[in-house]
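Reading through the structure tokens given below for one structure.
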Amino acid sequence: MSKKFDLIAIGRAAVDLNAVEYNRPLEETKTFAKFVGGSPANIAIGSAKLGQKVGFIGKVSDDQLGHYVTQYMAEVGIDTSQMVKDDAGHKIGLTFTEIISPEESDILMYRNEAADLYLAADEVSKDYLAQAQMLVISGTGLAQSPSREAILKALLLAKELGVEIIFELDFRPYTWQNAEETSLYYQLVAQKADVIIGTRDEFDVLENHQGNTDEQTIATLFQYDANLIVIKSGVQGSNAYTKAGDKYHFGVFKTKVLKSFGAGDSFAAGFLYAYSHHLGIETALKYGSAAASIVISQLSSSEAMPNLAQLTEFIQKAETQGVH
Ligand SMILES: Nc1ncnc2c1ncn2[C@@H]1O[C@H](COP(=O)(O)OP(=O)(O)O)[C@@H](O)[C@H]1O
Ligand SMILES: O=C(O)C[C@@H](O)[C@H](O)C(=O)COP(=O)(O)O
């Protein structure tokens with residue numbers, strides 16, 4: 001039976017302030033454009049733009065920026081009924097970006113006491129989660145309590161309810177205390193997740209070890225619940241591994257890169273669209289790569305997310321021209 005939501009994402013919804021001056025460091029940047037940000041919010045927005053039915057569980061500041069984020073997410077079609085306003089005055093997270101060159105862009109996050117980290121376990125509703133086909137968990141929500149307990153509660157409820165658990169590693173060094181703590185919580189969730197998506201570097205964080213091959217990583221993780229593991233490697237493309245032993249690779253769609261941030265979130269939105277529509281793993285990697293290619297050629301990580309027609313047209317055109 002079809003559920004009310006194709007996916008519910010849990011974690012941070014925040015604000016990106018993206019430098020509109022290119023080829024200069026943040027120190028010298030004077031003007032910024034405001035967008036909704038936060039990895040799980042970006043994935044939710046990308047998914048909604050592709051036509052998925054999406055819900056979001058999170059906490060935002062009760063001020064102009066919190067209202068802006070909630071309103072934008074509602075406008076793209078996301079159910080925001082479980083986006084709680086922080087009543088203790090915590091402010092929404094901010095991310096400043098700089099575009100030094102197409103090869104070099106970076107982000108600077110302001111996350112001290114960020115409202116999303118104050119989502120509490122009693123603000124996660126079982127009835128709400130029961131309406132989801134998939135739950136998308138972003139690793140950063142595990143960095144601090146009470147958000148950590150809220151995410152773990154959602155994980156256990158999803159497990160109990162048979163909701164498919166997608167773990168997007170989304171590692172951000174901010175707000176984590178040390179590598180061992182991160183690795184412990186990442187492993188805890190990875191052992192219960194059905195699908196795990198991350199970059200090679202993020203899997204190193206999960207393992208608290210550098211230098212493992214993908215084969216070593218999947219051999220360990222497939223001992224637990226995961227059926228599918230996706231390991232992204234930037235411009236080298238992405239690999240997907242199934243528990244049954246299949247391996248899929250997809251390269252990238254070449255594009256005029258403006259900046260590299262936004263690649264991971266758009267990849268996840270595109271990948272999950274194809275995955276949840278049973279279009280096959282190879283197509284899922286292709287949709288993820290195409291969405292990423294579209295987003296990294298534009299300024300934002302959220303508004304730039306393509307709709308389904310834009311995504312499929314992009315793929316068709318790229319395949320006709322042979323640019324991947
Ligand atoms: N320079 C690039 N050109 C085209 N596609 C890219 C480029 N960099 C990344 N991508 C696409 O975005 C996906 C995610 O990028 P990656 O950098 O690995 O993740 P993250 O943004 O999470 O660090 C890649 O698997 C690839 O499909
Ligand atoms: O996740 C954040 O809080 C910041 C994002 O909104 C920002 O746009 C970004 O860094 C996205 O990068 P990605 O996770 O590599 O897609």
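The values are calculated or read from the model by the stated rules, or taken from the named source; none is laboratory data. This one's a predicted model, so the numbers in the text were calculated from it and none came from an experiment. Methodologically, a virtual Cβ is constructed for each residue, glycine included, from the backbone with ideal geometry; neighbour enumeration extends over all protein chains shown.
Residues in the stretch 239-261 that are within 7 Å of ligand 1 (Cβ to nearest atom) and closer than 10 Å to Ser293 by Cα: Val252, Phe253, Lys254, Thr255, Val257, Ser260.
Among the residues of the stretch 1-18, is there at least one that is under 14 Å from Ile107 (Cα atoms), in a loop (DSSP other than H, G, I, E, B) and among the β-branched types (Val, Ile, Thr)? No, that holds for no residue. For the stretch 241-260, a residue qualifies if it is out of contact with any Ser or Thr (no Cβ under 6 Å at 6 or more places or on another chain) and either within 27 Å of Leu17 (Cβ to Cβ) or surrounded by fewer than 24 Cβ atoms within 10 Å (Cβ to Cβ) (or both), and the qualifying residues are Thr242, Lys243, Ala244, Gly245, Asp246, Lys247, Tyr248, His249, Gly251, Lys254, Val257.
Consider the stretch 253-272 and keep the residues that are out of contact with any helix residue (DSSP H, G or I) (no Cβ under 9 Å at 6 or more places or on another chain) and not hydrophobic (A, V, I, L, M, F, W, C). The one that is nearest to ligand 2 (Cβ to nearest atom) is Lys259. Taking Lys317 as the residue in question, decide whether it is under 21 Å from Leu228 (Cβ atoms), of a type outside the set (Gly, Ala, Ser), part of a helix (DSSP H, G or I) and over 15 Å from the mean Cα position of the chain (by Cα). So Lys317 fails the test. Part of a helix (DSSP H, G or I), modelled with pLDDT of 95 or more, within 23 Å of Tyr275 (Cβ to Cβ) and within 16 Å of ligand 1 (Cβ to nearest atom), is that true of Phe203? Spelling it out, Phe203 is indeed part of a helix (DSSP H, G or I), modelled with pLDDT of 95 or more, within 23 Å of Tyr275 (Cβ to Cβ) and within 16 Å of ligand 1 (Cβ to nearest atom).
The selection criterion, being within 17 Å of the chain's Cα centre (by Cα) and of a type in the set (Asp, Glu), holds for Asp116. Taking the stretch 1-25, which residues are over 30 Å from Lys85 (Cβ atoms) and aliphatic (A, V, I, L, M)? Passing the criteria: only Met1. If I filter the stretch 218-241 for residues that are closer than 21 Å to Ile165 by Cβ, within 16 Å of ligand 2 (Cβ to nearest atom) and in a helix (DSSP H, G or I), do I get at least one hit? Scanning the stretch 218-241 turns up no residue that is closer than 21 Å to Ile165 by Cβ, within 16 Å of ligand 2 (Cβ to nearest atom) and in a helix (DSSP H, G or I). You will find that of Ala41, Ala19, the residue that is surrounded by 15 or more Cβ atoms within 10 Å (Cβ to Cβ), among the small types (Gly, Ala, Ser) and under 19 Å from Val124 (Cα atoms) is Ala41 and no other. Of all the numbered requirements in (1) away from ligand 1 (no atom under 16 Å from the Cβ); (2) more than 23 Å from Lys126 (Cβ to Cβ); (3) buried (at least 21 other Cβ atoms within 10 Å of the Cβ), Gln216 misses one, and that requirement is (3).
Name the single residue that is farthest from ligand 1 (Cβ to nearest atom) among those in the stretch 273-293 being among the aliphatic types (A, V, I, L, M) and in contact with a helix residue (DSSP H, G or I) (Cβ under 6 Å, 6 or more places away or on another chain). Across the stretch 273-293, the extreme among qualifying residues is Ala274. Exactly one residue out of Ala226, Ala268 is within 20 Å of Gln133 (Cβ to Cβ), touching a strand residue (DSSP E or B) at 6+ places or on another chain (Cβ under 6 Å) and within 9 Å of ligand 1 (Cβ to nearest atom), and it is Ala268. For the stretch 92-113, the set of residues classified as polar (S, T, N, Q) and either more than 16 Å from ligand 1 (Cβ to nearest atom) or over 18 Å from the mean Cα position of the chain (by Cα) (or both) consists of Ser101, Ser105, Asn112, listed by residue number. The set of residues from the stretch 19-41 being part of a strand (DSSP E or B) and either at pLDDT 95 or above or hydrophobic (A, V, I, L, M, F, W, C) (or both) comprises Ala19, Phe32, Ala33, Lys34, Phe35, Val36, Gly37.
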